[in-house]
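Presented below is the structure to which this report refers.
The values are calculated or read from the model by the stated rules, or taken from the named source; none is laboratory data. In this text the structure is predicted, and so the values were computed from the model without any measurement. With ideal geometry, Cβ positions are generated from the backbone for all residues, glycine too; neighbour counts draw on all protein chains shown.
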Amino acid sequence: MVRPPSKTPQPGQPVGRQPTALMTAVKAGRVNQGRVLQALHDFGPLSRADLARLAGVSRATIGSIVQPLLEGGLLAEGEPQRGATPGGKPARPLWFAPDSPPLAAVHLLPGWVQAALVSADGKILATARGSFRGTDPAATVVDCVVDRLNAVLAGSSARPLGVGIAVGGIVESTSGTILACNLMPELSGLPLGPLVSERVHLPVHLDLHPRAQAIGDRWSGPGRGEQSFASIYIGEAIGAGLFLNGAIHCGPAGAGGEIGHTIVDIHGRTCRCGQRGCWETIATHDWLREEATRLRLPTAHAMTTALLAGLSAAGNTDAKELFERYARNLALGVVNLQQILAPGLFILHGDVIAGGEALRGRVERQARRYLPTRSTAEPQITFGAAHDHATLLGAARLVLSHSFPLIG
Ligand SMILES: [Zn+2]
């Protein structure tokens, strides 16, 4: 009897679409390099032994990670610390070199751009802002980005290592292209990275805005010291950056993070992306203004989270109901993310933070209401600081993550 070929993979037979290594050596090297830089940012100057321990890499590996950073002028060895290694050679702490090259960063949202010059140890040295109309052609936006970049680069005596650009839109990080931007369709398909690189003569690394925001949160914001958290931007659009088990999560070529377009109601309103019932259709300011108008609330056409919080606190019954409903709608995206990945900590940025503690507490309560009770994994909601530099810092950090070769 001839048996049909078995569809069950046999031992030794490749599984999955393409047989691949569990983690490529390059990816593992970048993760380790990132951990070493993060340990320095978290703890300050460290000996190689402490750096290896705190970054979770082996003593054998630490040399191959640190050497290119020393040779590239990013790190320097400090004065020997006597007594640090009893009986042995005094340890020389590693820290960012005083003359280490700076990093340039750009945060680009529809209608608005901010550029910054950032030191390797995370200090904002200069910033410049610009604006443009949502209907402007892509060339005008590129000019605005380059102009603001040149404004901050003019103040730098040292040549920056490169430019990190954080963009609100769907990106392809490998080619530096904005694949789609629902709020400013003129930018869809724009190879912004190469265009800016050509004009400023520096390497450019482009990524999703909320992912850069998460990197910035981990560097010096509410995510500092955390092993896992989600950083969510909620304004005219919604996106998320995920920091999971000590590393930023990123799909192929920058994919993922489009939590605003996860569907929460198949019969819901039509979204800008063309689908129905995306989270964005019930949790952005557009929704808030529409609902406020329907309820005939004062200043409904210009309703913001801050105005709604004020009306609710003043006892307006309709405003109170809408405020609670808005908090529930915000919580739904948090609930879905917590059910799948359980990041535990949710750092919210954007217009939503103007709702203050009244909104933060409501979102947290609503999120817990929809989640199974687990004494060790209650979701925590925190708001980023108003006008913080999380995204610019994260964009600058993209440059650090791509500038030094890996050896070993
Ligand atoms: Zn959508």
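So the values come out like this:
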quantity	calculated
Test: residue in segment 313-323 that is of a type in the set (Val, Ile, Thr), surrounded by fewer than 16 Cβ atoms within 10 Å (Cβ to Cβ) and assigned by TED's automatic domain parsing to the domain that holds Phe243	yes
Selected residue (only one of Leu149, Leu125 is crowded, with 17+ Cβ neighbours inside 10 Å and in contact with a helix residue (DSSP H, G or I) (Cβ under 9 Å, 6 or more places away or on another chain))	Leu149
Number of positions in segment 169-194 that are within 16 Å of the ligand (Cβ to nearest atom) and closer than 12 Å to Asp207 by Cβ	2
Subset of segment 296-305 (residues that are over 28 Å from the mean Cα position of the chain (by Cα) and either surrounded by 15 or more Cβ atoms within 10 Å (Cβ to Cβ) or within 12 Å of the ligand (Cβ to nearest atom) (or both))	Leu297, Ala300
Scope segment 24-59; condition within 22 Å of His402 (Cα to Cα), hydrophobic (A, V, I, L, M, F, W, C), surrounded by 14 or more Cβ atoms within 10 Å (Cβ to Cβ) and in contact (Cβ under 8 Å) with a residue 40 or more places away in the chain; matching residues	Val31, Leu37, Leu40, Leu51
Members of segment 281-295 that are within 12 Å of the ligand (Cβ to nearest atom) and without any contact (Cβ under 8 Å) to a residue 24 or more places away in the chain	Thr281
Residue that is nearest to the ligand (Cβ to nearest atom) [pool: residues in segment 271-280 that are surrounded by fewer than 16 Cβ atoms within 10 Å (Cβ to Cβ) and within 13 Å of Asn182 (Cα to Cα)]	Gln275
Residue in segment 260-275 that is nearest to His349 (Cα to Cα), counting only those that are outside any loop (DSSP other than H, G, I, E, B) and out of contact with any helix residue (DSSP H, G or I) (no Cβ under 7 Å at 6 or more places or on another chain)	Ile263
Evaluation of Leu242 against (1) part of a loop (DSSP other than H, G, I, E, B); (2) surrounded by 15 or more Cβ atoms within 10 Å (Cβ to Cβ); (3) away from the ligand (no atom under 16 Å from the Cβ) (one fails), failing number	(1)
Those residues of segment 348-377 which are closer than 16 Å to Ala306 by Cβ and surrounded by 18 or more Cβ atoms within 10 Å (Cβ to Cβ), in sequence order	Leu348, His349, Gly350, Val352, Ile353, Gly355, Leu359, Arg360, Arg362, Val363
Given (1) more than 25 Å from Pro210 (Cα to Cα); (2) touching a Phe, Trp or Tyr at 6+ places or on another chain (Cβ under 7 Å), index of the condition Arg397 fails	(1)
Residues that are in contact with a His (Cβ under 9 Å, 6 or more places away or on another chain) and buried (at least 22 other Cβ atoms within 10 Å of the Cβ), drawn from segment 189-217	Gly193, His205, His209, Pro210, Arg211, Ala212, Gln213, Ala214, Gly216, Asp217
Every residue from segment 245-270 that is crowded, with 17+ Cβ neighbours inside 10 Å, of a type in the set (S, T, N, Q) and more than 10 Å from the ligand (Cβ to nearest atom)	none
Residues (among the aliphatic types (A, V, I, L, M) and surrounded by fewer than 24 Cβ atoms within 10 Å (Cβ to Cβ)) located in segment 330-347	Leu332, Val335, Leu337, Ile340, Leu341, Ala342, Leu345
Among (1) loosely packed, with under 15 Cβ neighbours inside 10 Å; (2) under 22 Å from His389 (Cα atoms), the one test that Ala139 misses	(2)
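Here is a yes/no grid of residues against (1) assigned by TED's automatic domain parsing to the domain that holds Gly122; (2) out of contact with any strand residue (DSSP E or B) (no Cβ under 8 Å at 6 or more places or on another chain); (3) within 19 Å of Ala115 (Cβ to Cβ); (4) in a loop (DSSP other than H, G, I, E, B):
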{"residue": "Asn182", "(1), (2), (3), (4)": "yes, yes, no, yes"}
{"residue": "Leu195", "(1), (2), (3), (4)": "yes, yes, yes, no"}
{"residue": "Leu206", "(1), (2), (3), (4)": "yes, no, yes, no"}
{"residue": "Ile232", "(1), (2), (3), (4)": "no, no, no, no"}
